[in-house]
Amino acid sequence: MTAAAHAAAANPGFSPRIFSGIQPSGGLHLGNYLGALKRFSEKQDEGIETVYCLVDLHAITVWQDPARLRQQTREAAAGFIASGIDPTRSILFNQSQVSGHAELAWVLNCVARMGWMSRMTQWKDKAGKNAEAASLGLFAYPSLMAADILLYHATMVPVGEDQKQHVELTRDIAAKFNHDFGVSFFPAPEPVIEGAATRVMSLRDGTKKMSKSDPSDASRINLTDSPDAIASKIRKAKTDAEPMPDHIAALKDRPEAKNLVNIYAALAGKTAAEVVHQYAGKGFGEFKPALVDLAVATLGPISGEMARLMADPAEIDRILGAGAERADAIAAPILAKTLDIVGMVRSR
């Protein structure tokens, strides 16, 4: 059963709708492209309404320089568009322009339980030993994420493996709301985890996820990198001395090799097993140049288009504003009905 069919079966009476988002709190990189943007673009061809959001309210759960946040939000929007998200086919906007996200988050804060939040893996990872110094927003992050999804009655949420727990929490919050108020108002959204590289790892350490917060720029390929920079980073990417095996299972204990194979597979639209078979017995001295050619051919046009878009920030703002109007047209009646269900008096 496809993800769409599974979501439809789980949510009879709800129109299929995809929602997903990315924080604009740092430069987009290859992991964002393969794990999210490429898939977001492909979803536009499935005949399902797609809503994509730059979640700037999530970004401020840790302190952000205001001018830099504005710049990064526009850059992220440029990255979405350059990666194939068509703002006339999808709804593309930044979260803070639709006030319903924050309003619904408060309602869901009153439905969700403290114990649920404290068990979130990302809360533990981000707060660490300084939990009492972390912002309340960081603790409540999953409730805002639930609001992002449920505000549009989304039935499918394309995410990476690390966000699956948050979508599962969204399902729990939706179910508790429906139970508490005796309604069948919110759907149970399905996490959609697809592709050969849903979790792209660091080029310097194959056991760690590729991240914009890594202090080493050599650990990631940024979508703004030049072709020369992309080539240099792949050539210097950590591997091992062993040749490519003849079956995928042999990469189990070779994280750096496995990561490069997964990246090649995702860029080429192949399975990792097909890539291993293609390069079986060959060394990484031969594999890396092929990966360089593929990465530059795929990512070079994206970085060029991002630069073109960033030269006209007013047009990016116009696109985000138009997207926010379309998003609010869906969100406003859902929020109004939510407030009615919980007993709020409203004169309009």
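The values are calculated or read from the model by the stated rules, or taken from the named source; none is laboratory data. None of these values were measured; they are calculated from a predicted model. Backbone-built Cβ (ideal geometry, glycine too); neighbour counts: all protein chains shown.
State all residues of segment 90-102 that are crowded, with 16+ Cβ neighbours inside 10 Å and part of a helix (DSSP H, G or I); if no residue qualifies, say none.
Just the residues of segment 90-102 that are crowded, with 16+ Cβ neighbours inside 10 Å, to begin with: 90-98, 100-101.
Correct list: 95, 96, 97, 100, 101.
The helices (runs of 4 or more DSSP H) found entirely in segment 110-177 that carry 1 or more residues being modelled with pLDDT of 95 or more are 136-150.
Condition check for residue 50 on (1) assigned to a helix (DSSP H, G or I); (2) in contact with a Lys or Arg (Cβ under 7 Å, 6 or more places away or on another chain): one failure, at (1).
Filter segment 264-275 down to the residues that are part of a helix (DSSP H, G or I) and either in contact with a strand residue (DSSP E or B) (Cβ under 9 Å, 6 or more places away or on another chain) or among the small types (Gly, Ala, Ser) (or both) and list them by number.
So in segment 264-275, the residues part of a helix (DSSP H, G or I) come out as 264-268, 272-275.
Of everything in segment 264-275, those that are part of a helix (DSSP H, G or I) and either in contact with a strand residue (DSSP E or B) (Cβ under 9 Å, 6 or more places away or on another chain) or among the small types (Gly, Ala, Ser) (or both) turn out to be 265, 266, 268, 272, 273.
For every residue, the table says whether it meets (1) more than 28 Å from residue 41 (Cα to Cα); (2) assigned by TED's automatic domain parsing to the domain that holds residue 28; (3) surrounded by fewer than 21 Cβ atoms within 10 Å (Cβ to Cβ).
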{"position": "210", "(1), (2), (3)": "no, no, no"}
{"position": "258", "(1), (2), (3)": "no, no, yes"}
{"position": "269", "(1), (2), (3)": "no, no, yes"}
{"position": "281", "(1), (2), (3)": "yes, no, yes"}
{"position": "286", "(1), (2), (3)": "yes, no, yes"}
{"position": "293", "(1), (2), (3)": "no, no, yes"}
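Can you say whether residue 325 is of a type outside the set (A, V, I, L, M, F, W, C), closer than 30 Å to residue 228 by Cβ, assigned to a helix (DSSP H, G or I) and out of contact with any Pro (no Cβ under 9 Å at 6 or more places or on another chain), as far as the supplied structure shows? Spell out how you get there, then give the answer.
Values: of a type outside the set (A, V, I, L, M, F, W, C): yes; closer than 30 Å to residue 228 by Cβ: no; assigned to a helix (DSSP H, G or I): yes; out of contact with any Pro (no Cβ under 9 Å at 6 or more places or on another chain): yes.
The answer is no for residue 325.
Taking the criterion of being surrounded by 10 or more Cβ atoms within 10 Å (Cβ to Cβ) and either among the polar types (S, T, N, Q) or not assigned by TED's automatic domain parsing to the domain that holds residue 56 (or both), the residues of segment 110-148 that qualify are 118, 121, 122, 135, 143. Residue 74: in the same structural domain as residue 321 (by TED's automatic domain parsing), under 27 Å from residue 139 (Cβ atoms) and of a type in the set (Lys, Arg), yes or no? No; evaluated as a whole, the condition is false for this residue.
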